[in-house]
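Peer 1: Next up is a structure, given as structure tokens.
Since every read-out is calculated from the coordinates, none of them should be taken as a lab result. The structure displayed is predicted, hence computed values, not measured ones. Quick reminder, even Gly has a Cβ in these numbers, built from the backbone with ideal geometry, and neighbours come from all protein chains shown.
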Amino acid sequence: MKSGLSRRGFLRAFSGRAAGGGLALAAATATTEAAANPSEARSLPLTAAGLPGSSKTFFNPQRVLLWESTRKEIREALSAGHLKAAIVPTGATEQHNEHLSLIADTAQATLIAQQAALNLYPKAIVSTPCPIGYSPYHMARKGTLTLSKETFLAYVFEVVKCLKAHGFKTIFILNGHGGNHRPLRDSMDQWRKELNITLEADSYASAYKDEELSTFLESYRKLRDGEYKTIDQQSALSHASENETSIMLAAYPHLVRPVTMQAYDEAALEYESNLSQDVLEYLEPFTKEGWPKGKNPENARDRARQEQALLATREKGARLIDIATRSLTDRLEKMIQATEQGLPWPPKD
Ligand SMILES: [Zn+2]
């Protein structure tokens with residue numbers, strides 16, 4: 001890294017000194033430490049003063065965040081030709097089982113965008129994240145906020161349009177929430193035509209291959225080895241489970257709560273009865289002919305996710321962040337080159 005700030009060091013700065021790998025332990029430690037010393041609460045923004053000491057020259061990692069910059073800084077970086085690309089993180093404010101904060105998807109996309117921008121410094125900047133996405137199917141769980149698909153897409157498009165107006169010709173929309181993925185991908189051809197810039201949208205999770213994940217994530221190994229017998233276990237992997245929980249433990253331990261399966265079961269959660277008409281309207285497109293036997297099939301999957309989340313560790317999270325960051329860095333570098341050479345995007349083979 002040109003900055004002299006290693007990714008590992010940066011991650012350490014984010015994750016603080018929370019000890020231990022396990023979900024319950026690390027989260028509890030983080031909570032205690034933050035309470036004991038509020039100035040060490042680990043959340044964005046992280047100030048340069050919070051970085052580990054070293055003889056190397058650090059720059060403030062917040063400098064790659066558009067919303068922390070001033071107009072003077074943006075203007076001068078653009079006019080000097082240093083700043084070439086913007087990353088727009090998109091996420092969600094939605095339920096992530098019993099243990100993760102609602103902002104998890106937004107936080108993860110923003111983190112990986114920031115890591116890649118640091119790798120590419122001073123060529124890339126992270127735009128203000130879009131913190132609510134398309135999550136109607138999670139509305140039965142309290143706290144979830146959702147936009148309609150149209151509103152979400154209009155919002156993201158207008159952010160990208162502003163960035164283009166300021167002179168950004170290379171823009172990557174980095175998504176952190178599954179429900180946003182297809183709508184964004186399906187919009188690319190049209191948006192590229194309208195904006196005539198080097199534009200890409202993809203989820204950070206696209207960088208992960210099941211085969212690679214199965215070498216260090218227990219849930220993916222169990223899937224590979226056929227140890228998950230139920231469809232709920234097999235399909236629980238992508239949301240609030242081992243991978244997302246590991247990333248959150250590594251980067252934002254204060255956004256992870258301790259949880260046990262005993263507490264989960266004692267809460268006797270179910271999401272098919274006592275739902276208000278307002279909530280049912282959000283769910284209606286997904287229940288179609290109604291749930292089989294009146295049961296919401298998401299309930300069993302919810303429990304499987306909770307079990308898989310207990311496999312999470314900070315170390316696994318650091319690896320996941322590293323894979324996604326390297327992928328985004330490489331792709332953005334290629335996009336910047338395409339823009340500079342006047343080549344089409346996506347490349348025509
Ligand atoms: Zn998520």
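Peer 1: Name every residue in region 286-315 that is part of a helix (DSSP H, G or I), farther than 16 Å from residue 230 by Cα and polar (S, T, N, Q), in order of residue number. I'd like the intermediate steps shown before the answer.
Peer 2: Filtering region 286-315 down to residues part of a helix (DSSP H, G or I) leaves 286-287, 292-294, 298-309, 314-315.
Keeping just the survivors that are farther than 16 Å from residue 230 by Cα gives 286-287, 292-294, 309, 314-315.
Selection gives 287 alone.
Peer 1: Considering each residue of region 88-123, count those that are within 14 Å of the ligand (Cβ to nearest atom), under 17 Å from residue 174 (Cβ atoms) and aliphatic (A, V, I, L, M), and give that number.
Peer 2: Here the count works out to 7.
Peer 1: Within the bounds of region 258-279, is there any residue that is within 16 Å of the ligand (Cβ to nearest atom), touching a residue at least 24 places away in the same chain (Cβ under 8 Å) and under 27 Å from the mean Cα position of the chain (by Cα)? First the steps, then the outcome.
Peer 2: The initial filter retains those residues of region 258-279 that are within 16 Å of the ligand (Cβ to nearest atom), namely 259.
Next cut, touching a residue at least 24 places away in the same chain (Cβ under 8 Å) only: 259.
From what's left, under 27 Å from the mean Cα position of the chain (by Cα): 259.
Yes - at least one qualifying residue is present in region 258-279.
Peer 1: Taking residue 345 and the conditions (1) out of contact with any Gly (no Cβ under 9 Å at 6 or more places or on another chain); (2) under 30 Å from residue 173 (Cα atoms); (3) part of a helix (DSSP H, G or I), which numbered condition does it fall short on, given that it satisfies the others?
Peer 2: All conditions are met except number (3).
Peer 1: Another question, then. Here's a check for you: in region 221-253, which residue that is within 16 Å of the ligand (Cβ to nearest atom) and hydroxyl-bearing (Ser, Thr, Tyr) is surrounded by the most Cβ atoms within 10 Å (Cβ to Cβ)?
Peer 2: Going through region 221-253, the residues within 16 Å of the ligand (Cβ to nearest atom) turn out to be 235-252.
Filter again for hydroxyl-bearing (Ser, Thr, Tyr), leaving 235, 238, 241, 245-246, 252.
Values: 235: 16, 238: 13, 241: 26, 245: 29, 246: 27, 252: 23.
The qualifying residue surrounded by the most Cβ atoms within 10 Å (Cβ to Cβ) is 245.
Peer 1: Say we look at region 126-163 and pick out the residues that are within 30 Å of residue 273 (Cβ to Cβ) and small (Gly, Ala, Ser); which of these is surrounded by the fewest Cβ atoms within 10 Å (Cβ to Cβ)?
Peer 2: Step by step, filter region 126-163, then rank; the result is 148.
Peer 1: Taking residue 279 and the conditions (1) part of a helix (DSSP H, G or I); (2) surrounded by fewer than 17 Cβ atoms within 10 Å (Cβ to Cβ), which numbered condition does it fall short on, given that it satisfies the others?
Peer 2: (2)
Peer 1: Assess whether residue 337 counts as being surrounded by fewer than 18 Cβ atoms within 10 Å (Cβ to Cβ) and not charged (D, E, K, R). Walk me through it before giving the result.
Peer 2: Values: surrounded by fewer than 18 Cβ atoms within 10 Å (Cβ to Cβ): yes; not charged (D, E, K, R): yes.
Spelling it out, residue 337 is indeed surrounded by fewer than 18 Cβ atoms within 10 Å (Cβ to Cβ) and not charged (D, E, K, R).
Peer 1: Please find, within region 153-182, the residue that is farthest from residue 77 (Cα to Cα) out of those that are in a strand (DSSP E or B) and within 16 Å of the ligand (Cβ to nearest atom). So that I can check it myself, show each step before the final result.
Peer 2: Pass one, region 153-182, residues in a strand (DSSP E or B): 170-175.
Then keep just the ones that are within 16 Å of the ligand (Cβ to nearest atom); that gives 174-175.
On the way: 174: 22, 175: 25 Å.
Taking the candidates together, the pick is 175.
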